[in-house]
Amino acid sequence: MRVPAALLLLPLVSACEQGDVTVLITDAPADGLTRFEITLRGVDIEGSDGSYTEFDFDPPRVVDIVPLRNGNTTTLLQDAGIDSGDYTGIRLRFETDERAPGESLPVARENGDQLQLAYVEDTAEVAVSFGIDDLGSETLLLDLDLRRSVREDDDDIADGQLRFDPSLRAVINDQRATLSGVIGPAIFNQAGCLPAVYLFEDFDRDPAGLADDNPPLASTVASIADPTGRGYRIGALEAGEYTAAVTCDAAVDDPESDEVDTDITFETTANVRLRAGETVTRDFP
């Protein structure tokens, strides 16, 4: 089912066996970006039968992902009408055309480079299971992990572009869990240290021994200003048991690979239990 974009702005009227869905988006930030604009043609919700309810943006919508870090979000769909039933995922549809000459380019880096965005695919999908009751509603949170989505290939950059292969997580918003904390000076003051936290599913994981069938669920560079150290935050997580691992070697990680780079040394690990709707603090002094 396709829904005209204009109808997304209208109040939902009473309808038989319908509810509504809201979709928010946030960012697990990448290194060294000051602007990263994606252009969306629409957002689709996948039903349990494999069909999609499609919500079109006309004109396409431009979203700068960089400000959406540290818990900030923007709304992609607001109270959009949808049939009641069971749903299994979200699909983003991208406008992949390059910006015309004279327009600002979608990507800006801290070193001053401005680049076109080269989409690997024109859609990106992520699984999330939820149900819509008659006259009910649900809010979903998408996390676009830019650090694992951006491909900094030297040849691409020489051609004036940055490859984008989206890495997404999704969770029911009021069930989301968050891990945050501070990495202390005993770690980040080491020579050449770019501190980061990697998060793996289950307790007592050995991050250095993980193969590509056990990749990290998420990672983030610790860059939040904090007088006691370098703050980090990983959001849009499901409740459960995890292993958090801290490294100084984030600069050598290759986000294009699911494997943990063999050159990465982890300083310490900790088991963390996350609960729905809560933020858990775990510092690494």
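Tell me yes or no: at least one residue of segment 159-171 is touching a Phe, Trp or Tyr at 6+ places or on another chain (Cβ under 9 Å), open to solvent by 40 Å² or more (accessible area, probe 1.4 Å) and either modelled with pLDDT under 85 or part of a strand (DSSP E or B) (or both).
Yes, because at least one residue in segment 159-171 is touching a Phe, Trp or Tyr at 6+ places or on another chain (Cβ under 9 Å), open to solvent by 40 Å² or more (accessible area, probe 1.4 Å) and either modelled with pLDDT under 85 or part of a strand (DSSP E or B) (or both).
Within segment 101-116, is there a residue that is touching a Gly at 6+ places or on another chain (Cβ under 9 Å), more than 18 Å from Leu33 (Cβ to Cβ) and of a type in the set (D, E, K, R)?
Within segment 101-116 (the criterion being touching a Gly at 6+ places or on another chain (Cβ under 9 Å), more than 18 Å from Leu33 (Cβ to Cβ) and of a type in the set (D, E, K, R)), the answer is no, since none of the residues qualifies.
Looking at segment 73-127, which of its residues are outside any strand (DSSP E or B), surrounded by 14 or more Cβ atoms within 10 Å (Cβ to Cβ) and β-branched (Val, Ile, Thr)?
Listed by number, the residues that qualify are Thr73, Thr96.
Condition check: surrounded by fewer than 20 Cβ atoms within 10 Å (Cβ to Cβ), touching a strand residue (DSSP E or B) at 6+ places or on another chain (Cβ under 9 Å) and at pLDDT 90 or above. Does Glu256 satisfy that?
Against the criterion (surrounded by fewer than 20 Cβ atoms within 10 Å (Cβ to Cβ), touching a strand residue (DSSP E or B) at 6+ places or on another chain (Cβ under 9 Å) and at pLDDT 90 or above), Glu256 does not qualify.
Looking at Asp133, Asp58, which one is touching a helix residue (DSSP H, G or I) at 6+ places or on another chain (Cβ under 7 Å), open to solvent by 30 Å² or more (accessible area, probe 1.4 Å) and acidic (Asp, Glu)?
That would be Asp58, the only listed residue that is touching a helix residue (DSSP H, G or I) at 6+ places or on another chain (Cβ under 7 Å), open to solvent by 30 Å² or more (accessible area, probe 1.4 Å) and acidic (Asp, Glu).
The values are calculated or read from the model by the stated rules, or taken from the named source; none is laboratory data. Just so we're clear, the structure is a prediction, and the values are computed from it rather than from any experiment. FYI the Cβ positions are ideal-geometry reconstructions off the backbone, even for glycines, and counts take in every protein chain you see. With ligands, DNA and RNA removed, areas are computed over all heavy atoms of the protein, side chains included. Shrake-Rupley method; radii C 1.70, N 1.55, O 1.52, S 1.80 Å.
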